[in-house]
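Some notes on the structure that comes next.
Only the coordinates and a few stated rules stand behind these numbers; no lab work does. These numbers come from a predicted model, not from an experiment. Cβ sites come from the backbone with ideal geometry, for glycine too, and all protein chains shown count toward neighbours.
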Amino acid sequence: MKVPVRSTTALLAALLVGGCAEWKIPPVREKPPAVVTPPRVGAPPRAAASRPAVPSSADNTYLNGVAIMKEGKFERALELFADVWKEIPGYRGVEENFPTALEGLKKSGDEAQQQGQAGEAGKRWLAALKFLPHPAMKGKKLPFSKADLKENVDNLTNNLMEEGLADYREGRLEEAIATWRNILDYDPAHEEANKSVKTATTQLENLKKLTPPPGK
């Protein structure tokens, strides 16, 4: 039996329509978006890597002063501390070490006197007098005062003048000159000591002119 062409065509069309209705184009798979973690609320910003602090010129000067103070060079240490304070007023290390250095300077003057180094004793006491009013000493207490230092210097000077005068009267001109010059080591402007040295030196030179050399 023959199937009519018309029927065959209709059947094919029905199959095609039904198959297309069931077959669908698969959806395109899109790349999922990158996951972004939001910052925590209140979290501090990440700090950059810290660099070691570079000491300033004042820091270096202060450290030099501390090292010199440990060597017993108190006057030089005080000079360096004063330089630091001038650059940075109120520098904590200077405020802490200035009194220590000043007390050490005064004691070194005492030791010099005990060792018979009159000129050095006078120098150190006068240097202590110079640094005593420094602002770093404000509110600080020391076991000595300005009056104590001045009295030490005055007594030293008077004793040296008398000692030199005793040698002069005994004709020991060279010894007298050396003694009076101890005063000029720490007080170059001392009028009486300058005059005494000049007088004794002139007399000594005249005596040398009058005294014939040995063997003549």
What's the whole-number percent of alpha carbon pairs in the range 57-144 lying beyond 20 angstrom?
30 percent
Förster radius 30 Å - calculated FRET efficiency between Leu63 and Ala178 (Cβ-Cβ, nearest 0.05)
0.15
Over 21 Å between Cα atoms, which of Lys107/Lys130; Lys73/Lys130; Lys86/Lys107; Lys70/Lys146; Lys70/Lys150 qualify?
Lys86/Lys107; Lys70/Lys146; Lys70/Lys150
Assertion target for Leu105, Leu160, Leu207, Leu165, ordered by fewest C-beta neighbours within 10 angstrom first, is Leu207, Leu165, Leu160, Leu105
Cross-link partners among aspartates and glutamates for Lys106, C-alpha distance below 19 Å, same-chain residues fewer than 8 apart left out?
Glu71, Glu75, Glu79, Glu95, Glu96, Glu120, Asp148, Glu151, Asp154, Asp185, Asp187
Test item: Cα-centred dipole of the range 153-211, Lys/Arg +1 and Asp/Glu -1 on Cβ, debye
380 debye
In what order do Val84, Val54 fall by count of nearby beta-carbon atoms within 10 Å, going from fewest to most?
Val54, Val84
Karplus-derived 3J(HN,Hα) from phi for the range 125-142 (6.51 cos²θ - 1.76 cosθ + 1.60, θ = phi - 60°), whole Hz, x at Gly and Pro, runs 5, 5, 5, 4, 4, 5, 8, 4, x, 4, x, 5, 8, 4, x, 9, 10, 10
Step through the residues of the range 84-90 one at a time and calculate ³J(HN,Hα) from phi using the Karplus curve (6.51 cos²θ - 1.76 cosθ + 1.60, θ = phi - 60°), rounding each to whole Hz and writing x for Gly and Pro.
5, 5, 5, 6, 10, x, x
In what sequence do Lys209, Lys150 fall when counting other Cβ within 10 Å, fewest first?
Lys209, Lys150
Amide H neighbours of Gly72 under 5 Å, counting only residues 5+ apart in sequence or on other chains, H built in-plane at 1.01 Å?
none
Please list, in order along the range 146-163, the HN-Hα scalar couplings obtained from phi with the Karplus expression 6.51 cos²θ - 1.76 cosθ + 1.60 (θ = phi - 60°), rounded to whole Hz, x for Gly and Pro.
4, 5, 5, 5, 4, 5, 4, 5, 5, 5, 4, 5, 4, 5, 5, 4, 5, 5
